[in-house]
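Remarks on the structure that follows.
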There are 4 protein chains.
Amino acid sequence: MNTYGHTFRITTYGESHGKALGVIIDGCPAGLTIDEAFIQKELERRRPGQSKIVTQRKEGDQVEVLSGVFEGKATGTPIAMIIRNKDQRSKDYSHIKDRFRPSHADFTYHQKYGGYRDYRGGGRSSARETVARVAAGAIAKQFLTTKNIKITAWVSQVGHLQLHTPYQSLDFSQIEQNIVRCPDPVMAEEMIDLIKSVRKEGDTIGGVIQCVIQGVPAGLGEPVFDKLHAELAKAMMSINAAKGFEYGSGFAGITMRGSAHNDQFEKNEAGEIVTKTNHSGGVQGGISNGMDIYFKVAFKPVATIMRDQDSVDEQGNDVVVKGKGRHDPCVLPRAVPIVEAMAALVITDFSLRAISPL
Amino acid sequence: MNTYGHTFRITTYGESHGKALGVIIDGCPAGLTIDEAFIQKELERRRPGQSKIVTQRKEGDQVEVLSGVFEGKATGTPIAMIIRNKDQRSKDYSHIKDRFRPSHADFTYHQKYGGYRDYRGGGRSSARETVARVAAGAIAKQFLTTKNIKITAWVSQVGHLQLHTPYQSLDFSQIEQNIVRCPDPVMAEEMIDLIKSVRKEGDTIGGVIQCVIQGVPAGLGEPVFDKLHAELAKAMMSINAAKGFEYGSGFAGITMRGSAHNDQFEKNEAGEIVTKTNHSGGVQGGISNGMDIYFKVAFKPVATIMRDQDSVDEQGNDVVVKGKGRHDPCVLPRAVPIVEAMAALVITDFSLRAISPL
Amino acid sequence: MNTYGHTFRITTYGESHGKALGVIIDGCPAGLTIDEAFIQKELERRRPGQSKIVTQRKEGDQVEVLSGVFEGKATGTPIAMIIRNKDQRSKDYSHIKDRFRPSHADFTYHQKYGGYRDYRGGGRSSARETVARVAAGAIAKQFLTTKNIKITAWVSQVGHLQLHTPYQSLDFSQIEQNIVRCPDPVMAEEMIDLIKSVRKEGDTIGGVIQCVIQGVPAGLGEPVFDKLHAELAKAMMSINAAKGFEYGSGFAGITMRGSAHNDQFEKNEAGEIVTKTNHSGGVQGGISNGMDIYFKVAFKPVATIMRDQDSVDEQGNDVVVKGKGRHDPCVLPRAVPIVEAMAALVITDFSLRAISPL
Amino acid sequence: MNTYGHTFRITTYGESHGKALGVIIDGCPAGLTIDEAFIQKELERRRPGQSKIVTQRKEGDQVEVLSGVFEGKATGTPIAMIIRNKDQRSKDYSHIKDRFRPSHADFTYHQKYGGYRDYRGGGRSSARETVARVAAGAIAKQFLTTKNIKITAWVSQVGHLQLHTPYQSLDFSQIEQNIVRCPDPVMAEEMIDLIKSVRKEGDTIGGVIQCVIQGVPAGLGEPVFDKLHAELAKAMMSINAAKGFEYGSGFAGITMRGSAHNDQFEKNEAGEIVTKTNHSGGVQGGISNGMDIYFKVAFKPVATIMRDQDSVDEQGNDVVVKGKGRHDPCVLPRAVPIVEAMAALVITDFSLRAISPL
């Protein structure tokens, strides 16, 4: 299903080399100010060709709002946005028409859809699909801004290069100051160098994005299946190339004793109930407790490499898949706005689906 | 929402110390043989009091099937199951009536539900809720058996004790041979000793459960938001105390190069298209590729400890939460059947919701 | 699917002669006072054996609330209710085991579920299923009472006997004063006599239930597919034996000119915007306008008659289906609380799913 | 919510005078041949300006397929279609900017959406929205054709002019031979004359559309809430101006005795189990029985009339709403393809959501 969300709900469409990609947002509260320039700006952060360490494809990614907005305000009816693909017919994908690229979705789509698939650039399975998520996320962010909720993501690891600084000590204003989107300028340079060297080898590399959501009031999230962190996990894992998710103390919390891991409550100077530590990552029992919500997402190395690889074709014959074209050596920098967009969609939906007590 | 699944859909209810817990399964194919003894057996694996390293509470957890089964077969109508709580009124929870236990959901439920909550044993937020999942999962497993799909979970880490053996080299028949549910007998003993010593200190500890799903045909899963691994992530993260999820190469795959990480296709002796390696964890582009699906789930140390802890009450006054009662020093052994149940629900749902090509 | 509602959502289970019927309500606002005696009272209105013109079966229909309520208040977690069937095993249904009763669902269930069905009393297709709806509707009514919304249904036609009085001139306090639930005492007697005479002939008869919903504020309902009256139509048509639905001017409005049919707006003495007439039935563009919402539901004559009928068995052989047992000669009197329950579920759901403008 | 369907699911957007209207279809089986010319042809049947008895607005309604189709076949991914509005900015709607047209949705939208609404031509509440339904329905029809299921609708009543001929005696090939879409040429002429005379008076009139669905196999539909006829009722009542729905014997069946109303089963010459009569309208217990499914939908007179009407503005002041512009004197002829489209969506969804017995 190509729909995400319960009350604030998006439905997306489009293939990598089809006519257009787009999204319908259903459930946007009437009266929200919609800033189209901001949507476009978010798309720029995701856009190919924005720097030397991402794919050099040139895509304008111009968004057009088709409905649901009148005189600058949401009307409560569906907001449709479209991003037309440019020159999508000009590329030649005949070399992969009937062969399965390793660790891509060519084979699995072939199996699922009975052989009917748009093989050009991976069709629907391409990360190009995320352009619709970022457009929708930009509107979710505008909603969250009215609630003083702020979402910040950054690259904290590329290959073995890992930023260990706790997020509280980072200067988030630095994130957009470098092309890898790491808030530590020194580490950023190292990451950029690593990505460049990997690209020169025709290879690719993975990494980790961290994200923190600040300003979420206590009480958001649904118990049992739709726990706040479970939805975040699903939303993040649904991003192309994601392989792992952890929140709060995550995998590292395993070795702690409960007595050290538990977050004790206290009243702060403002009279609010807070926790002294935050191993819980802002979520207890699936519901926000008012503290920062933070998590990590692991991304694998991009499957498209500039080397020849052995594979098979649709008939099972041995073939070679050629490395050609222009691709990302590392998905991380462009995935930062995607992680933020998905986080914004999750929190907006929880905010709107909550049922008020009588 | 207390519903999980799109086509094979469960809805659960019940609180830790209410009258009963239960589940309605909607979407079970007519004609499935329902073995009630098997359901009961799965509940036994999750039951408190089953060994020395889990809580010593005595709960029979007797399941009763109320509908949807006639002469041993599913009729296609909703299957309702109920597990009555025994002696739920006899316990005294007045000591936590208006105070928030650290790292429990008392505070967040209080905030979400406007102060209306059943505080006894955590009410709906208690892991007791998972009894309904295991009952439903037992029916999903019976469905998957008809498709030759097999799900196996085990404890691979407790605190710092980590089993590094690849799952292919493990003897799964050993899992149920020891009370910690680790397939390596030597490691199992160490884990048991660690849990015992932690319990003696009135403390708790976390760990990791691994799971492998074998026999899933290529083509299951939905692209974009409902990717197979994204639903697995949500399902696993919705289990009480879960903090992290990874599949395939997971977080460790970050440091690999794409050229090493990619799984090349080949035709095996049976003429099937398979991959030479399986860093993808059996899922590519959110859809199964026919290889084993495997993943890890991190669980935090249990929040209930046998020590006094500082906290606040509903009015924000400083209070002490007493450590008392009988609780699990480590949630891992009892979480094994829960992980399996959730995996079974995910795969069954994907199996039934798939739309056949024309 | 056995679920109804988007935000206030019920899921039901149970067969006519199974162990129990029941319902889970998900989405009930925390803090709602739950009066179990009221739920029971509503079940009494639907109960068999309550008068001489309904089936003489004796069913106690005792409801038990299993979860979601603590100290008399909803906690916001699922409210499960169960109604056990009494003596369900004692009846003999072997005479219809493999033959299809005319205008019942025996044949269609047989076709849909591959021959796996509980044939006893129609199994899941029995109107006994509506006991769960009435229990859930009783809670919805308690919610609506807090909003000053009132739902009233009555029998306005049995066979050719039709009450033409506009509802504004009826004395609703008379509805429960006679066993047919018609607010006009004279017409009620005629209807009762007709039903008695039809029963003596071993036959059955249909009729119409009218319903009015008062106090709904302007602005409830969702445009396009989930229009308020479209959901009412679905909810009513989902009741056993329903054959038609109309609201406002309904089928009779066809012959009017637009100039006569249009409801002109004016400001009333209280300063509220109202309409001078109400052909719209309180709904315009799928959204309530603050006026009374009123509609009619047509019910066919009950399919179970006390006469022998020709039919076929599962193998297609000619057989005779014997008329035996105790059944309703007219479903109308007992359907009144069912219509009200479904209306209450619809309005409660719309009330809770509305997204507030910013 | 602007989504309809469970497995074959459409989501629509767009306002009467916005940039575009459109639809995303999710769940179309891969491999379905998509004939774009057929989609366009269906839009022509709904198009304004097609004859003298409908609105004289000129709208080209050119559909563009944006995704989900590759080399003429559905790929299983979302099919997006867009219909751009032409010259939508040129019209002047300032005369209704802040006043509520009688029996339109201006007031209710104003109330629901906090005053944020696109007043031009009714915005989202305009029947222009149905263009997206017809486009989606055209694809559903192409699916149903592969199953030999055929849907036919026609105008059976305009004002007091009612066609009493049973549908079995009608010549469906005549429906598209006249501009009112009534299969009886003589009655068609009378209806056309009536509509013309009503239009001359600046007035409007309602009517009835009948529809028959032929070729549905036994076993489609979901018991309890999502009964086949209940979904049909919702789908039909969701069409602009619909006021009533009945299927099979409908309201007229009320006065029949059960012994006459029941449809007895027999085996036909082909060895199939059929019913001798079809008062059930092809549906028993919410599930198709293999016989023709037939129903009626009542439509009110169009609310837009060419006469001045009293009303109020947003502040509650008395105002006059002028009759101006070009509008339909009778919605029936153009509603025929809409009824068919909704019926096609319902049957396609039931066909795809059915769970096969084991």
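Assorted remarks:
- Residues in the range D:315-358 that are without any contact (Cβ under 8 Å) to a residue 24 or more places away in the chain and hydrophobic (A, V, I, L, M, F, W, C): D:320, D:355, D:358.
- Test result for residue C:110, assigned to a helix (DSSP H, G or I), surrounded by fewer than 22 Cβ atoms within 10 Å (Cβ to Cβ) and at pLDDT 95 or above: yes
- Residue within the range A:85-103 that is touching a Phe, Trp or Tyr at 6+ places or on another chain (Cβ under 7 Å), closer than 21 Å to residue A:239 by Cβ and buried (at least 23 other Cβ atoms within 10 Å of the Cβ) present: yes
- Number of positions in the range D:258-299 that are within 21 Å of residue C:122 (Cα to Cα) and not hydrophobic (A, V, I, L, M, F, W, C): 19
- The range B:227-256, subset more than 30 Å from residue B:133 (Cα to Cα) and in contact with a strand residue (DSSP E or B) (Cβ under 6 Å, 6 or more places away or on another chain), residue surrounded by the fewest Cβ atoms within 10 Å (Cβ to Cβ): B:253
- Some residue of the range D:231-245 being under 18 Å from residue C:302 (Cα atoms) and modelled with pLDDT of 95 or more: no
- Qualifying residues in the range B:113-131 (those that are in a loop (DSSP other than H, G, I, E, B) and small (Gly, Ala, Ser)) - the one nearest to residue B:300 (Cα to Cα): B:126
- Verdict on residue A:286 being touching a residue at least 60 places away in the same chain (Cβ under 8 Å), in contact with a Gly (Cβ under 9 Å, 6 or more places away or on another chain) and small (Gly, Ala, Ser): yes
- Strands (runs of 3 or more DSSP E) wholly inside the range A:235-294 that include at least 1 residues being more than 7 Å from every other protein chain (Cβ to nearest Cβ): A:242-247, A:273-275
- Qualifying residue in the range B:194-208 (condition: away from chain A (no Cβ under 14 Å), open to solvent by less than 20 Å² (accessible area, probe 1.4 Å), in contact (Cβ under 8 Å) with a residue 60 or more places away in the chain and not hydroxyl-bearing (Ser, Thr, Tyr)): no
- Yes/no for residue C:320 being within 23 Å of residue C:158 (Cα to Cα), more than 7 Å from chain D (Cβ to nearest Cβ), part of a strand (DSSP E or B) and not aromatic (Phe, Trp, Tyr): no
- Where residue A:141 falls short, out of the listed (1) closer than 28 Å to residue D:2 by Cα; (2) within 14 Å of chain B (Cβ to nearest Cβ); (3) in contact (Cβ under 8 Å) with a residue 24 or more places away in the chain: (2)
- Within the range D:128-148, the set of residues being open to solvent by 10 Å² or more (accessible area, probe 1.4 Å) and either at pLDDT below 95 or touching a Ser or Thr at 6+ places or on another chain (Cβ under 8 Å) (or both) comprises D:128, D:142, D:147.
- Only one of the numbered conditions (1) out of contact with any Pro (no Cβ under 8 Å at 6 or more places or on another chain); (2) within 14 Å of chain B (Cβ to nearest Cβ); (3) more than 27 Å from residue A:176 (Cα to Cα) is not met by residue A:93, and that is (2).
- The range D:158-179 - residue that is free of Cβ contacts under 8 Å to residues at least 60 places away in the same chain and within 14 Å of chain C (Cβ to nearest Cβ) and, of those, farthest from residue D:241 (Cα to Cα): D:163
Every residue, every condition in (1) closer than 23 Å to residue A:234 by Cβ; (2) within 8 Å of another protein chain (Cβ to nearest Cβ), yes or no:
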site: A:298; (1), (2): yes, yes
site: A:312; (1), (2): no, yes
site: A:315; (1), (2): no, no
site: A:332; (1), (2): yes, no
site: A:338; (1), (2): yes, no
site: A:344; (1), (2): yes, no
site: A:354; (1), (2): yes, yes
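- Among the residues making up the range B:314-358, those that are among the β-branched types (Val, Ile, Thr) and farther than 23 Å from residue B:299 by Cβ are B:319, B:320, B:348, B:355.
- Those residues of the range C:14-56 which are open to solvent by less than 10 Å² (accessible area, probe 1.4 Å) and hydroxyl-bearing (Ser, Thr, Tyr), in sequence order: C:55
- Single match in D:182, D:211 (criterion: assigned to a strand (DSSP E or B), away from every other protein chain (no Cβ under 11 Å) and either hydrophobic (A, V, I, L, M, F, W, C) or buried (at least 23 other Cβ atoms within 10 Å of the Cβ) (or both)): D:211
The values are calculated or read from the model by the stated rules, or taken from the named source; none is laboratory data. These numbers were taken from a predicted model, which means no experiment stands behind them. As a convention, Cβ positions derive from the backbone with ideal geometry for all residues, glycine included, and neighbour counts pool all protein chains shown. The protein model used for the area step is the full one, side chains on, heavy atoms only, and it has no ligands, DNA or RNA in it. Shrake-Rupley method; radii C 1.70, N 1.55, O 1.52, S 1.80 Å.
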